[in-house]
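The values are calculated or read from the model by the stated rules, or taken from the named source; none is laboratory data. Bear in mind the structure is a predicted one, so any value in this text is a computation, not a measurement. Cβ sites come from the backbone with ideal geometry, for glycine too, and all protein chains shown count toward neighbours.
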Amino acid sequence: MTTIGDNLQSQRARLWRACEQAGRPPDAVRLLAVSKTFGPNAVRDALAAGQLAFGENYVQEGVDKIAAVGAVPGIEWHCIGPLQSNKTRPVAEHFDWVQSVDRFKIAQRLSEQRPTHLAPLQVCIQVNVDGGANKSGVTPAELPALASAVAALPRLKLRGLMAIPEPAPDAESARAVFAHVRVLFEALNTHGLGLDTLSMGMSDDLEPAVAAGSTMVRVGRGVFGARSYATA
Ligand SMILES: *Cc1c(COP(=O)(O)O)cnc(C)c1O
């Protein structure tokens, strides 16, 4: 077993414990392995240990890695980084999910550029409930209109919401952010959007995210180890 395989086993065990503590079924939360900054061999180690869903922040790095790893049945690539409109085409052509949609223009381009031979692009809207104006993510006030507009685009499938709390010294503020995002998620479903994905929780705040109802945690360092260059 490789180090990455060992790490995956312990992160899965951690996730099961978090589900148990929260009174949720052990398979209620998916694990997304965030492979940004790590090369194709790290992804291959994770694949060998049964991991199929990977998250990437940088478009070019992700596209190169997707090509290097090649076709693997069931593999899923998620774009989780901030997206500029001039970078949407490679994302639409190579990724399976985009979790960081926060404006209509980006969503519209992704829908237009999604090749017809591929399944619709699965998307989450990134919400910003605690940050300043410079942080990615739509505000709670803007969310309902954006969600309805994105849900109507033909080549996208709106699956849910993604959030990244501001780094904070106390667990309480992350809990408050997760609880707020959960409320926004439930409210959209009350309006019939049928969302099934609440992507929140990372290496340092997985447990409070699971307690708040996360359905997908995005774990980088816990699976692949420390990153050697700074990332967004
Ligand atoms: C890097 C990153 C992660 C993973 O962070 P870790 O702290 O390494 O688990 C999750 N989500 C997003 C959006 C990221 O950029």
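Report yes if some residue within the stretch 38-61 is in contact (Cβ under 8 Å) with a residue 24 or more places away in the chain, touching a Lys or Arg at 6+ places or on another chain (Cβ under 9 Å), in a helix (DSSP H, G or I) and within 17 Å of residue 207 (Cβ to Cβ); otherwise report no.
no
Output the residues belonging to the stretch 13-41 that are more than 15 Å from residue 214 (Cβ to Cβ) and either at pLDDT below 95 or more than 13 Å from the ligand (Cβ to nearest atom) (or both).
13, 39, 40, 41
Return the pair list, or none, for Cβ contacts closer than 6 Å from residues in the stretch 68-80 that are among the charged types (D, E, K, R) to residues that are outside any loop (DSSP other than H, G, I, E, B), at least 6 apart or on different chains.
Sorted first by the residue in the stretch 68-80, then by its partner, the pairs are 76/53.
So which pairs qualify, if the first residue must be in the stretch 204-232 and at pLDDT below 95, the second must be within 11 Å of the ligand (Cβ to nearest atom) and part of a helix (DSSP H, G or I), the Cβ gap must be under 7 Å, and the two must be at least 6 apart or on different chains?
227/221
Going through the stretch 175-201 one residue at a time, which ones are under 18 Å from residue 80 (Cα atoms) and aromatic (Phe, Trp, Tyr)?
Across the stretch 175-201, the qualifying residue is only 178.
For the stretch 64-111, give me the residue count where each residue is exposed (fewer than 15 other Cβ atoms within 10 Å of the Cβ), small (Gly, Ala, Ser) and part of a helix (DSSP H, G or I).
Total satisfying the criteria: 3.
Report yes if some residue within the stretch 54-63 is over 26 Å from residue 198 (Cβ atoms), modelled with pLDDT of 95 or more and more than 15 Å from the ligand (Cβ to nearest atom); otherwise report no.
yes
Within the stretch 155-174, work out how many residues are surrounded by 15 or more Cβ atoms within 10 Å (Cβ to Cβ), within 23 Å of residue 79 (Cβ to Cβ) and touching a helix residue (DSSP H, G or I) at 6+ places or on another chain (Cβ under 8 Å).
7
Matching residues to (1) among the charged types (D, E, K, R); (2) within 18 Å of the chain's Cα centre (by Cα):
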{"site": "136", "(1), (2)": "no, yes"}
{"site": "144", "(1), (2)": "no, no"}
{"site": "180", "(1), (2)": "no, yes"}
{"site": "212", "(1), (2)": "no, yes"}
{"site": "218", "(1), (2)": "yes, yes"}
